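Each remark here refers to the structure printed beneath this line.
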């Protein structure tokens with residue numbers, strides 16, 4: 001039974017917001033809760049503009065996530081019902097701190113290794129007059145230096161590989177994973193404004209694990 005005279009306000013939360021908060025609590029806070037608890041926290045989030053810095057908020061998290069493993073915690077189930085959007089390339093790029101980093105075709109192996117180390121990247125697009133003509137990875141550099149220690153002054157022209165596949169900003173995470181898994185270690189994304197971005201295998205893993 002409910003005594004409605006004790007309730008001052010009802011806050012409406014959509015199924016999607018409640019479920020996404022439930023997943024977020026598990027991912028960020030390690031709290032394996034059910035949809036009711038997630039919805040309660042989502043409601044507080046919606047009310048935060050009405051709260052003052054002196055207000056004390058108590059949220060009762062009264063259900064477990066064990067009943068929702070096949071639903072809320074199942075990506076396919078969530079996507080099929082429109083609760084989980086398919087992340088796109090542009091969203092992955094927006095979540096990255098690094099800008100598009102490339103190397104000129106005339107660079108040496110030593111210069112390329114230095115640039116990779118400085119920027120903490122493991123692969124680079126090779127450019128010529130603003131056009132991507134190839135790619136190079138730390139594996140390529142490693143093999144070259146291992147077999148020919150004095151090659152640091154040599155041009156990367158002799159060891160660069162085919163260019164990374166190019167995709168548009170609306171390519172989904174699943175499509176990116178298929179391209180990167182089968183064809184390349186990275187893809188280059190062309191954004192609407194013409195700017196280029198790079199997405200690596202590590203970026204895909206990070207996106208899929210959210």
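State, as an integer percentage, the relative contact order of the range 130-172 based on alpha-carbon contacts under 8 Å between residues 6 or more apart.
Values: 22 pairs, mean separation 23.2, N = 43.
Computed value for the range 130-172: 54 percent relative contact order.
Axis angle, to the nearest 10 degrees, between helix 15-29 and the longest C-alpha principal axis of the chain: 60 degrees.
Report D for the range 89-208 in µm² per second (integer): Stokes-Einstein, Kirkwood Rh on Cα pairs, 10 °C, 1.306 mPa s.
Numbers: Rh = 14.7 Å.
The calculation lands on 108 µm²/s.
Looking at the range 92-195 only, what percent of DSSP beta bridges run antiparallel? Nearest 5 please. Before the final figure, lay out each step's value.
Details: 8 of 13 bridges.
Once the DSSP bridges in the range 92-195 are tallied, antiparallel ones form about 60 percent.
Relative to the longest principal axis of the Cα atoms of the chain, helix 109-119 runs at roughly 20 degrees. Which entry is the computed Cα extents along the principal axes in Å for this structure: (i) 48, 40, 32; (ii) 48, 32, 32; (iii) 82, 38, 35? Among (i) 48, 40, 32; (ii) 48, 32, 32; (iii) 82, 38, 35, the one calculated here is (iii).
Take every pair of alpha-carbon atoms less than 8 Å apart whose residues are at least six positions apart; their mean separation over the length of the chain yields a relative contact order of 16 percent.
Secondary-structure-derived ellipticity at 222 nm for the chain, considering helices only, amounts to -11000 deg cm²/dmol, per-run term -39500 (n - 2.57) for DSSP H runs with n ≥ 4. Based on Cα contacts under 8 Å between residues 6+ apart, the range 114-186 shows a relative contact order of 26 percent. Extents of the range 92-163, largest first, come to 39, 24, 17 Å (Cα atoms, principal axes, whole angstrom). Output the 0 to 90 degree angle, nearest 10, between the alpha-carbon long axis of helix 138-147 and the longest principal axis computed from the alpha carbons of the chain. Once rounded, the angle reads 30 degrees.
Each value in this text was obtained by applying a stated rule to the coordinates, not by laboratory testing. Please read all numbers here as calculations on a predicted model, not as lab measurements.
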